[in-house]
Number of protein chains: 2
Amino acid sequence: MTQTSFAQVYKELFPFWDEISESDREFLCRNSFDLTYPKGTTVHNGNECSGVILVCSGSLRLYIMSEDGKDITLYRLHKGDICMLSASCVLQSITFDVFVDAEEDSECYVISGSAFAEISARNPSVKIFALETAVSRFSDVMWVMQQILFMSMDKRLAIFLTDEMSRISSDTITLTHEQIASYIGSAREVVSRMLKYFANEGLVEISRKGIKILDKKGLRKLAL
Amino acid sequence: MTQTSFAQVYKELFPFWDEISESDREFLCRNSFDLTYPKGTTVHNGNECSGVILVCSGSLRLYIMSEDGKDITLYRLHKGDICMLSASCVLQSITFDVFVDAEEDSECYVISGSAFAEISARNPSVKIFALETAVSRFSDVMWVMQQILFMSMDKRLAIFLTDEMSRISSDTITLTHEQIASYIGSAREVVSRMLKYFANEGLVEISRKGIKILDKKGLRKLAL
């Protein structure tokens, strides 16, 4: 990986790129790393500063975790997305811990948190970009929170299944009930029970292979 | 209310005040209003842009609401606090609706959202201030979310307090936070923070003598 390749990508992704000095641009590239996280590995672990992460390919999942290891997905990052919450040394007002896992083999460019913080301290446009990236995720998180707190389980599960079906472009979802429960902030038993209910209604078919969606329309109606 | 009085308060509250031009300062003061919200009134209603609100006295409650009218308190604003989430035209990346009520008679200075947005567009330091104010609330909201989602700590603590109150036939509990934490299987810091939250909610009063239950009914409701 050469510094020129980083610069090419950064020029596309960072609205501030042409506003900062040549030496600041070089500094960011010199402090960039090309890392590939195999599926299932931990990318960011709570309170450390893992830097600013750009997803080049694959998929990262950002979540929060309870003391007893229960987790809730806040959002996913795909190609072209930037993770700023993993750079706690850049955003000092972020005081909560998030975790990031690779859901698929994921190639990422990672900019050292301290290097990014240094550039952000002397370039208001960089600081504004970092803050705006974080604030826009605030809205995503609030949406998840409202889903979990206010919506009934059948609706939440129906939304998850229809979303997941489009995401993977298949009508068969191979996640375990446990995994689904963690995605939608519920318990395995609740998910299993609700899936059984959906199966009885003819909405899905449950087998060892996974959950097959039989009635998209019906699920979408529930998800409204 | 004269423009000079606004300027005096803004000089104290806004770190950017001395960095913007005299005419921008005058523009903000000309677009400021001195409003008193009687206890119980709605200050901000979801999707409108109510402007940037500075609390001079009293107390505002910021919350989210479900379709069926259930609400969850995210945080409260007291003297000297600034509400930025009510200025959706300033922070375009905030796409969720919050509601703000006056919990007491509250005197507020309100800066027109469009005026603040105009100044923020030409002064990076103003924009950074607005974003940082929003991001710091992100952390508060995540804390509330984690309490609610994972620990049901509020529930566990409410159950413990109501049980203990009946056990000792007194409305004042003299256990230390450490002791309570060990009873309910949590950490002292978590208990202290949650008790502070309960105190803000008017459920308990914390003093050197112990924890006095002010609102039995409210605690019992939490314990359900």
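Do we find that B:Asp140 is free of Cβ contacts under 8 Å to residues at least 60 places away in the same chain, over 24 Å from B:Gln3 (Cα atoms), within 10 Å of chain A (Cβ to nearest Cβ) and not polar (S, T, N, Q) in this structure?
For B:Asp140, the condition - free of Cβ contacts under 8 Å to residues at least 60 places away in the same chain, over 24 Å from B:Gln3 (Cα atoms), within 10 Å of chain A (Cβ to nearest Cβ) and not polar (S, T, N, Q) - is not met.
Given the condition touching a Ser or Thr at 6+ places or on another chain (Cβ under 7 Å) and part of a helix (DSSP H, G or I), answer yes or no: does some residue in the range A:196-203 qualify?
No, that holds for no residue.
So, B:Glu48, is that one touching a Ser or Thr at 6+ places or on another chain (Cβ under 9 Å), assigned to a loop (DSSP other than H, G, I, E, B), more than 20 Å from A:Phe138 (Cα to Cα) and in contact (Cβ under 8 Å) with a residue 40 or more places away in the chain or not?
no
Do we find that B:Arg156 is among the basic types (Lys, Arg) and crowded, with 18+ Cβ neighbours inside 10 Å in this structure?
So B:Arg156 fits the description; yes.
Please work out which residue is surrounded by the fewest Cβ atoms within 10 Å (Cβ to Cβ), limiting yourself to the range B:95-143 and to residues that are assigned to a helix (DSSP H, G or I) and acidic (Asp, Glu).
B:Asp140
Of the residues in the range B:108-127, how many are facing chain A (nearest Cβ under 9 Å) and without any contact (Cβ under 8 Å) to a residue 60 or more places away in the chain?
2
From the list A:Asp105, A:Asp71, A:Asp81, A:Asp101, exactly one residue is within 14 Å of another protein chain (Cβ to nearest Cβ), touching a residue at least 12 places away in the same chain (Cβ under 8 Å) and under 16 Å from the mean Cα position of the chain (by Cα). Which is it?
Matching residue, one of A:Asp105, A:Asp71, A:Asp81, A:Asp101: A:Asp71.
Is at least one residue of the range B:4-13 surrounded by fewer than 18 Cβ atoms within 10 Å (Cβ to Cβ) and touching a helix residue (DSSP H, G or I) at 6+ places or on another chain (Cβ under 7 Å)?
Yes; the residues of the range B:4-13 include at least one that is surrounded by fewer than 18 Cβ atoms within 10 Å (Cβ to Cβ) and touching a helix residue (DSSP H, G or I) at 6+ places or on another chain (Cβ under 7 Å).
Conditions first: (1) modelled with pLDDT under 90; (2) closer than 30 Å to B:Leu222 by Cα; (3) of a type outside the set (Val, Ile, Thr). B:Ser57 passes all but one, so which condition is the exception?
(1)
Name the residues in the range B:73-94 that are touching a strand residue (DSSP E or B) at 6+ places or on another chain (Cβ under 7 Å) and either of a type in the set (Ser, Thr, Tyr) or in a strand (DSSP E or B) (or both), would you?
If the condition is that a residue be touching a strand residue (DSSP E or B) at 6+ places or on another chain (Cβ under 7 Å) and either of a type in the set (Ser, Thr, Tyr) or in a strand (DSSP E or B) (or both), then B:Thr73, B:Leu74, B:Tyr75, B:Arg76, B:Leu77, B:Ile82, B:Cys83, B:Ser86 are the ones that fit.
The values are calculated or read from the model by the stated rules, or taken from the named source; none is laboratory data. Computed from a predicted structure; not experimentally measured. Reconstructed Cβ throughout: ideal geometry from the backbone, glycine too, with neighbour counts over all protein chains shown.
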